[in-house]
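*Asks:* This is the structure I have questions about; it appears just below.
The values are calculated or read from the model by the stated rules, or taken from the named source; none is laboratory data. On a predicted model such as this, the values are computed, not experimentally measured, just so you know. For accessibility, only protein heavy atoms count, side chains too; no ligands or nucleic acids. Shrake-Rupley method; radii C 1.70, N 1.55, O 1.52, S 1.80 Å.
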Amino acid sequence: MDITPQEENMIKALREVALPPLFVLIRIRNDISNDTVNIEESRRDDVVKTLEKYISPLWEDYHEGKNAQVIEE
């Protein structure tokens, strides 16, 4: 999958502020999903589906970690 310069700049900007990877992936997914002006629909759908593949396991890990913290308390 090719990354456009706009997508690359967005990824770099989010990395520079040292945000958690899950937050960054969700933010990028939402921004691309809602960008109906700059990204054609087929490309947007492909990118969103790809990002969701990466988000899903991280999201599960996040919730497992939160559940483990609740049990410990």
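*Asks:* Within segment 60-73, take every residue that is of a type in the set (A, V, I, L, M, F, W, C) and open to solvent by 70 Å² or more (accessible area, probe 1.4 Å) and give me the one that is modelled with the lowest pLDDT.
*Replies:* Among those residues, the one meeting the criterion is V70.
*Asks:* Give the residues of segment 32-59 that are more than 17 Å from D2 (Cα to Cα), open to solvent by less than 100 Å² (accessible area, probe 1.4 Å) and among the aliphatic types (A, V, I, L, M), sorted by residue number.
*Replies:* Within segment 32-59, I55, L58 meet the criteria.
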